[in-house]
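Here is the structure we will look at, set down as structure tokens.
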Amino acid sequence: MTQYRLYGRQGSGSLAVQVALEEIGVPFERIWIAKDPEAVARFREINPTGKVPALALPDGTLMFESAAILVHLSLVHPSADLAPPPGTSEHARFLQWMTFMSANAYEAALRMYYSERFSTRGALDAEPICEQGTRDFLAHLELLSRSLTPYVLGARYSIADVYLYMLASWYPGGKEELYARLPPLGIHAQTLSLRPAVSRVEADHVV
Ligand SMILES: N[C@@H](CCC(=O)N[C@@H](CS)C(=O)NCC(=O)O)C(=O)O
């Protein structure tokens with residue numbers, strides 16, 4: 001049977017894609033990629049970036065970049081209602097927030113968790129890079145938090161909410177501190193955690 005193949009890792013950006021596949025209700029295979037250099041080298045033969053998530057489409061095409069994967073799935077499976085109809089102003093706002101999260105919040109998270117890669121001096125500059133990444137991450141989440149009414153797109157749930165929920169969960173200070181700083185984000189997370197696909201996938205991601 002043709003199916004999707006999702007390459008991921010516990011606690012990584014593959015969580016949102018896994019939720020999308022669960023909500024669509026399509027068969028898929030979930031493959032964990034270990035972090036050791038040998039496993040990553042083998043994975044690079046499938047996905048040259050070596051990053052997760054990556055998704056093999058039913059025709060064998062390999063796709064990477066989390067936001068692009070989520071947008072693609074929402075377009076191919078319109079009945080799952082993961083995004084507003086393409087071409088509408090609502091869809092424009094969906095694309096705006098998906099790109100904003102990917103280019104800004106996800107990027108800042110990488111500076112928090114892979115700080116040494118962002119300087120030619122490596123680990124020597126890791127601390128200030130991590131600090132600035134954390135500040136930027138919070139600023140991006142603050143902007144998103146202000147826009148929640150109660151979902152990213154207003155009254156309408158979309159896969160952008162799962163993307164935000166996943167990114168917010170990476171805040172290094174912990175959920176309690178983040179939700180105290182940004183209460184709308186706490187309410188949003190509570191709503192999201194009640195979605196069956198979200199709780200199923202979170203259970204799968206517990207290390
Ligand atoms: N822009 C990429 C970022 C993907 C990414 O950096 N994923 C992390 C996990 S969340 C990863 O694979 N890190 C391993 C590494 O960079 O070595 C996306 O949105 O998919």
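The table below gives the values:
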{"quantity": "Counted charge near residue 25, where neighbours are those whose Cβ lies closer than 14 Å (Asp, Glu -1; Lys, Arg +1)", "calculated": "-1"}
{"quantity": "Accessible carbon and sulfur surface of segment 121-207 relative to its total accessible area, %, 1.4 Å", "calculated": "59 percent"}
{"quantity": "About the Cα centre, charge dipole magnitude for the chain (Lys/Arg +1, Asp/Glu -1 at Cβ), debye", "calculated": "60 debye"}
{"quantity": "Karplus (6.51, -1.76, 1.60) ³J(HN,Hα), θ = phi - 60°, over segment 188-195, in Hz, Gly and Pro reported as x", "calculated": "4, 5, 5, 4, 5, 5, 7, 6"}
{"quantity": "Charge dipole (segment 1-74, unit charges on Cβ, about Cα centre) - positive-most of 20, 71, 46", "calculated": "46"}
{"quantity": "Förster radius 22 Å - calculated FRET efficiency between residue 36 and residue 63, Cβ distance, rounded to 0.05", "calculated": "0.35"}
{"quantity": "Cα shape, the chain, gyration tensor, a/c 1.5 rule", "calculated": "oblate"}
{"quantity": "Gain on full stretching of the segment that runs from residue 125 to residue 207 - 0.36 nm per residue minus C-alpha separation", "calculated": "26.6 nm"}
{"quantity": "Ratio Rg/Rh, restricted to segment 69-128 and using Cα atoms, in which Rh is the Kirkwood radius", "calculated": "1.24"}
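The values are calculated or read from the model by the stated rules, or taken from the named source; none is laboratory data. For clarity, every value in this text was computed on a predicted model and none was experimentally measured. Backbone-built Cβ (ideal geometry, glycine too); neighbour counts: all protein chains shown. Surface areas here come from the heavy atoms of the whole protein model, side chains and all, with no ligands, DNA or RNA. Shrake-Rupley method; radii C 1.70, N 1.55, O 1.52, S 1.80 Å.
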